[in-house]
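The values are calculated or read from the model by the stated rules, or taken from the named source; none is laboratory data. Keep in mind that what you see is a predicted model, and the values were worked out from it rather than measured. Ideal geometry is used to build each Cβ from the backbone, glycine not excepted, and the neighbour counts take in all protein chains shown. Please note that ligands, DNA and RNA were not included when accessible areas were found on the heavy atoms of the full protein model with its side chains. Shrake-Rupley method; radii C 1.70, N 1.55, O 1.52, S 1.80 Å.
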Amino acid sequence: MRTTVPVIVAFLSGFVMVVSFFFNPDRTFIGRAQDVVLQWVTIVSGFTLVLGVFSIVRVNGRAVVRRTEDWPFKLATVISVFAMAIPAMLPVSTTSVGGKIFYSILPQSWGSWFGTGTGSIYDWLFNFVDSPMMETMFAMLAFYIASAAYRAFRARSADATLLLLTAVIVMLWRVPMGEAFLRLFGDSIPDYLNTFIMNGFNVAVQRGIIIGAALGAASMSLRVMLGIERTYMGKG
Amino acid sequence: MTDPLFYVFYSVTHYSLNSSGKTFLLALGFCLYFSFFSFAQSPDSLNQHPPILTLIGDDTLDIDEGDTLIIAVSSIDLDGTIPLLTAENLMDSAAFIDSLNGQGCLVFAPGFEQEGNYEILLIASDGVTADSVTVAITVNDITVFRTSRIAVLVFMLIFSGAVLLYTNWAKKGKTLFVRRIPGIDAVEEAVGRATEMGKPVLFIPGISDIDDIETIAGLAILGRVARITAQYDTPLYVPVRYPMILAAGQEVVEQAYLEVGRHDAYDKDTVRYVAGEQFAFTATVNGMMMRDKPAANIYMGAFFAESLLLAETGNAAGSIQIAGTARPEQLPFFIAACDYTLMGEELYAASSYLSHEPLLLGGLKGQDFVKVILVAVIILGVILMSFDIGGWFKHLFVVP
Amino acid sequence: MGFWENIQHIDRRWIYLLVAIAVFFPMIVVMHFPIEITPEARQLYEAIDALPNGSVVMLTFDYYPSAMAETQPMSIAALRHMFSKDMKVLTLSNIPLGGPSIAERVTREIALEYDKVYGIDFVNLGYKANYVAVMHGLASSIESIFPSDYSGTPLRDLPMMKHVKNYRDIEFIFVVADNATVDYWISIVNAQYGKPVGSGVTAVVAPKMYSFVDAGQMTGLLGGMKGAAEYERMVDISGSAIRGMDAQSLVHLLVIFFVIVGNLGFFMSRGKDGR
């Protein structure tokens, strides 16, 4: 029972999506069914968010209570979760859900701090704390790429040498300074690189991988739909 | 369009474009309404010039059955008379309205049985001379079944047939050869090494949600890995980015421990929700890598910009690293920083390969069979197109 | 351990330091190298430029704030191009964090320069979860997916939206993205609904997109900050992408230098070992 029902649900959901693809949404319900199923997915995801909050609080809360190593950071994590979430969920005015009771206790001028609009606590935290941190993490890629290139790009074999040379040429071509340098050897060199490397070898390889991956995904989907692959639900 | 009344009329009627019958009537109503408010001008000079009729927009249009099309026309007569506008060859569900101010509109809302090509003649006449414009309209058939997608159906049937056929052969005991995939073999080695070192294994099932098939593949591999860690009693950490993966991952790991008879060793926090934001997730996992120094980091699923951040940190922490993703843009990063990388379809094959179950391997063989067909089709296409005789062949693969 | 072996095992923090210097240096010394236009970037520019003045175009902000350095200059240049041609711009985001607010802020800033009015010349639809469902839904009715705009104003109260009901009323879609949504704009909106789609993506994603451009499924492509700089040059503005090219040039050259030094170390230490 624990396996059969999920397999049936998986089969039906997948089947509806596949069949829906072949019917016109303007003329039949089955054509619109895939939109309906996708909306269900969104709704179910919303509910599981509670599970996520519960997990993050339990794992970090336990570390704080037990005073494990680095517990202040875990405490900061828990505080951050609520500092972002609670002000965003509070009513912004008396017309919001629960707003009348809320603003019978607190001054109405506080309304601009709540919700997710411009000037709210959520907005401020997002713009001045979260966003710069995200940008910093992404910017760190430049450092990591340099370090990985230094360590990994070795001309160990003929194909590794080819890869290395191609990478160097493309890196030169993709920046104005390098492109100016390449033009010293011939005005058409950047155009050749675009034609042969990016639109030639690159496109061929990308397509090969994309087609292979798409077939793999289709095969995996079929195995899931037919209940042959059940490991993802803990069986098999 | 310079007449303000006409502008209002045009705005209102255009608003109803692509709507169904109700808006057709609304549009018709507005046309009639303005026809009564726009008759102020009158002819006052001799009839020396023919009227000039101008179509506002293209003269070749196409529309789907069930939609509404509105075509506006404008006419002038240098003699000062207001031309009378009419339309010929009107089909069902079409009406032409002369606003009696030199402007008019054609409203057409084809039903579901009106597929075809139509030509309508729009005429402006001053009673003596006339000008005309022909509008060609193609009404596209909107069928219940999308026949234009039949190629996909055929492909799907061939694909499903091949997978089922090979699965059936495998079920009957036929031995199927599947080539060695070193990256997958390394998974077992890596877990063994972690056990020897007494260090944990870190597994990340990608950073996409459960609706991504790569995540499902990652979870399937997680099931296999969890079985090995349960047998060896090796700690396993599975940080996840989405609550749905948390629920599914916990189920997968718990079941794996249960099946090898080690349910007592299962910790509910093996799979833990870390953060919904991509880089907050990455920062937390990087912290785990540097603090706990896992012996093995296994990345299986959909990865994006964080791939190199994770893999480089894992490398700095001295872990053995195995990655698998179907995202071609992230493969170079994993290849540079990991010991083994599963590329594209290898990710989807990993779970079947690790299971050693003939039934699952049958699916892989079916997939390979279809790939051979596709390669043949591509070669044929290249040959036909090279000789400029492949138009029909290319058209077979156009799926609107 | 000899010099070349030391070089092989250099502390990676030295590499980080040199990269940081390469990024900071152009802020003090400005270098100007000519920015050449790639055919893909030109195709995108020309596709938008060929649209009649007043056309309705969609501009997506499918990127997180983390990728803003690469993607935001594309959005800004595109908005300047579109507003200069009096186009009606419809913006939306398939990213919950950052995308919608970036769209709101950037579009309003650029609109001010061109005296464009919200609701008449541009509208920000904001964000709705599940982008696959959103992309399908917009084909039948924008209002069914976004009953109100980002600020909560019902779409029926916005004059521009009276003429824009679904993809049919949109001439071109310019997707600026740092993630996989661009694949879906191609496989759903272009392939199934026939809308021309052009894109501006991060440099990491760009190589994959060449295959879509080559197949005619994508009308033009901007790849990374270089792509943004190319578009800025074509629109004739000096934006942050053009300014960022100096830093990017130096870092690329530095990485090439690292590769050469790393390989020298590899061969020299291998030679010493007599292998």
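Couple of notes before you dig in:
- Computed from phi, the 3J(HN,Hα) profile of region C:220-226 under the Karplus parametrisation 6.51, -1.76, 1.60 (θ = phi - 60°) reads x, 8, 10, x, x, 5, 5 Hz, with x in place of Gly and Pro.
- Using the average count of surrounding beta-carbon atoms within 10 Å as a protection proxy, the listed peptides B:315-323, A:37-45 rank, highest first, as B:315-323, A:37-45.
- Label-point gap, in nm, between C:Met31 and A:Leu125 - each point 7 angstrom along Cα→Cβ: 4.4
- From most to least packed by mean Cβ count within 10 Å, the peptides A:219-231, A:200-212, C:238-250 give A:219-231, C:238-250, A:200-212.
- For the residues of B:270-282, the average number of beta carbons from a partner chain within 10 Å of their own beta carbon is 6.
- Rolling a 1.4 Å probe over the protein heavy atoms gives chain A an accessible area of 54 Å² per residue.
- Point-charge dipole on Cβ atoms (K/R +1, D/E -1) for region A:153-236, about Cα centre, debye to 20: 480
- Listed values for region A:207-214 are Karplus-derived 3J(HN,Hα) couplings in whole Hz (6.51 cos²θ - 1.76 cosθ + 1.60, θ = phi - 60°), namely 5, x, 5, 5, 5, x, 5, 5, and x replaces Gly and Pro.
- Shielding by partners for peptide B:72-79, expressed as the average number of C-beta atoms from other protein chains within 10 Å of each residue's C-beta, is 0.
- The interface between chain C and chain A buries about 4600 Å² of solvent-accessible area in total (1.4 Å probe, ligands and nucleic acids excluded).
- Within the protein assembly as shown: Cβ-based charge dipole about Cα centre, in debye rounded to nearest 20 (Lys, Arg +1; Asp, Glu -1): 4140
- Acute angle (nearest 10 degrees) that the helix B:278-292 long axis makes with the longest principal axis of chain B, alpha-carbon atoms: 10
- Solvent-accessible surface, computed for protein heavy atoms with a probe of 1.4 Å, shrinks by 40 Å² or more for the following residues of region B:324-361 when the other protein chains are added to the isolated chain: B:Pro328, B:Glu329, B:Phe333, B:Ala336, B:Tyr348, B:Leu360.
- Shown is the FRET efficiency for C:Lys85 and A:Ile169, computed with R0 = 30 Å from the Cβ-Cβ distance and rounded to the nearest 0.05: 0.20.
- Förster radius 45 Å - calculated FRET efficiency between A:Ser157 and B:Met385 (Cβ-Cβ, nearest 0.05): 0.80
- A simple spin-label model places pseudo-atoms 7 Å from Cα toward Cβ; at B:Val260 and C:Ala191 they are separated by 3.9 nm.
- Applying 1/(1 + (r/R0)^6) with r as the Cβ-Cβ distance of C:Ile10 and A:Phe185 and R0 = 41 angstrom yields a FRET efficiency of 0.85.
- Nearest-ten-degree value, helix B:358-386 long axis tilted from longest Cα axis of chain B: 40
- With Cα atoms, 0 to 90° folded angle of helix B:182-197 axis to chain B main axis: 50
- Projecting label points 7 angstrom from Cα along Cα→Cβ for B:Glu113 and A:Val81 puts them 6.2 nm apart.
- Dipole moment magnitude, nearest 20 debye, chain B about Cα centre, only Lys, Arg, Asp, Glu C-beta charged: 2400
- Which of C:Pro34, C:Ile145, C:Val182, positive extreme of dipole for chain C (C-beta unit charges): C:Val182
- In region B:96-226, a dipole from Cβ-located charges (positive for Lys and Arg, negative for Asp and Glu) runs towards its positive end, and of B:Ala190, B:Val135, B:Leu164 it is B:Ala190 whose Cα lies farthest in that direction.
- Beta bridges per DSSP with both ends in chain B, % antiparallel, nearest 5: 55
- Excluding ligands, DNA and RNA and using a 1.4 Å probe, chains A and B jointly bury around 5800 Å² of accessible surface, summed across both partners.
- Surface accessible to a 1.4 Å probe, per residue, for the residues of chain B, Å²: 43
- Cα centroids of region A:183-236 and region C:27-99: 27 Å apart.
- When you count the other C-beta atoms within 10 angstrom of each residue and take the mean per peptide, A:182-190, C:87-95 line up highest first as C:87-95, A:182-190.
- For the residues of B:138-148, the average number of beta carbons from a partner chain within 10 Å of their own beta carbon is 3.
- Each of A:Val37, C:Met58, A:Pro176 was placed along the dipole of the protein assembly as shown (beta-carbon charges, centred on the mean Cα), and the one lying farthest toward the positive end is A:Val37.
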